[in-house]
Ligand SMILES: *Cc1c(COP(=O)(O)O)cnc(C)c1O
């Protein structure tokens, strides 16, 4: 299956006035730190609080008339997007998630009228339940990242970025299953083949990086992270997001939990933005000196659906317990 710029242009038509045109704002602090124009694409301003509405909406709106309903596995935000889109179409949605998904995300999905199933402690277990529902109830499964319509929907962010700023030199894209990075890189490189697209994820459980190094999809151990939306594997049967990320990403960088913690404080105290740990990996990579920027740069603030109690504790500089490990806290500026 091939995916092209034309698919992303078609997705843009489908998404018009429901999940498009988020603000692109400058970060003066990050510009001062890096010596380059630094822009934030505010996908946290989407109606469901995350960019995943784009892919989910594109996929659900493209389903044939008479579809019984939809199902998916999700780390939270894709489920929220699918639930929102299914409600718009008036069809059933069953969202399967692991126990690692924060309660705030589970509640958000239920509030949209979807059914929620909590199954096991990994994305793989959630996916197995979702596939069972396809067999049993005739629902259509919508992959969070390995679906051409989902990737095309996420790719519309790349179109908007390059239309607003044709001079962009580097895009910093949070990376998990790779639907976002694949779509954005496809759009951006179709418009400007010289643009640099960097995928960034957390140190532990970097499934796409491990898979690209191995030459095929591999499983990695899933551990709790401040960037919970970046958890999960890429699927052993991955058809699309794996080859696209392998071919289109210039490099994949990893950041630690401490670096994510600090970058969340930076985004809040300097730019006054409340966002998930997953959003700040691009900032974290710059602040820790893992990237040298060579021109105007944009990163995607992918979502805001975080546990506010956890957020308050990070902003106060408290230690955070993540499973068996503790992320050492520090008050901002101390
Ligand atoms: C899903 C998600 C990502 C990663 O997107 P992929 O397409 O899985 O790589 C990043 N940030 C947030 C907030 C997400 O929900």
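The values are calculated or read from the model by the stated rules, or taken from the named source; none is laboratory data. Bear in mind the structure is a predicted one, so any value in this text is a computation, not a measurement. Here the Cβ positions follow ideal geometry from the backbone for every residue, glycine too, while neighbour counts run over all protein chains shown.
Looking for whichever is within 11 Å of the ligand (Cβ to nearest atom), closer than 16 Å to residue 253 by Cα and under 22 Å from the mean Cα position of the chain (by Cα) here; the options are 278, 285. Which one fits?
278
Could you grab me the full set of residues in region 218-240 that are outside any loop (DSSP other than H, G, I, E, B) and in contact with a helix residue (DSSP H, G or I) (Cβ under 6 Å, 6 or more places away or on another chain)?
Within region 218-240, 229, 230 qualify.
Of all residues in region 218-253, which are in contact with a strand residue (DSSP E or B) (Cβ under 6 Å, 6 or more places away or on another chain), away from the ligand (no atom under 13 Å from the Cβ) and modelled with pLDDT of 95 or more?
Correct list: 250, 251, 253.
Looking at (1) closer than 22 Å to residue 142 by Cβ; (2) modelled with pLDDT of 95 or more; (3) surrounded by fewer than 21 Cβ atoms within 10 Å (Cβ to Cβ), find the lone condition where residue 193 falls short.
Unmet condition: (1).
Could you list, in sequence order, the residues of region 2-41 that are on the phi > 0 side of the Ramachandran plot, over 20 Å from the mean Cα position of the chain (by Cα) and either modelled with pLDDT under 95 or not assigned by TED's automatic domain parsing to the domain that holds residue 247 (or both)?
17
Can residue 167 be described as assigned to a loop (DSSP other than H, G, I, E, B) and touching a residue at least 60 places away in the same chain (Cβ under 8 Å)? Before you say what the answer is, go through the steps one by one.
Numbers: assigned to a loop (DSSP other than H, G, I, E, B): yes; touching a residue at least 60 places away in the same chain (Cβ under 8 Å): yes.
Answer is yes for this residue.
If you go through region 289-310, how many residues are more than 15 Å from the ligand (Cβ to nearest atom) and part of a helix (DSSP H, G or I)?
Matching residues across region 289-310 total 2.
For residue 286, are the conditions met, namely being in a helix (DSSP H, G or I) and under 17 Å from residue 51 (Cβ atoms)?
No, not satisfied.
Check 162, 127, 131 and return the single one that is within 22 Å of residue 244 (Cα to Cα) and free of Cβ contacts under 8 Å to residues at least 40 places away in the same chain.
None of the others qualify; the one that does is 162.
Among the numbered criteria (1) touching a helix residue (DSSP H, G or I) at 6+ places or on another chain (Cβ under 9 Å); (2) more than 16 Å from the ligand (Cβ to nearest atom); (3) closer than 24 Å to residue 142 by Cα, which single criterion is violated by residue 215?
(3)
I'm checking my understanding of the structure. Among residues of region 73-101 that are more than 11 Å from the ligand (Cβ to nearest atom), modelled with pLDDT of 95 or more and within 23 Å of residue 173 (Cβ to Cβ), which one is surrounded by the most Cβ atoms within 10 Å (Cβ to Cβ)?
82
Give the residue that is surrounded by the most Cβ atoms within 10 Å (Cβ to Cβ), with candidates limited to residues of region 308-329 that are at pLDDT 95 or above and within 18 Å of residue 272 (Cα to Cα).
So the residue we want is 314.
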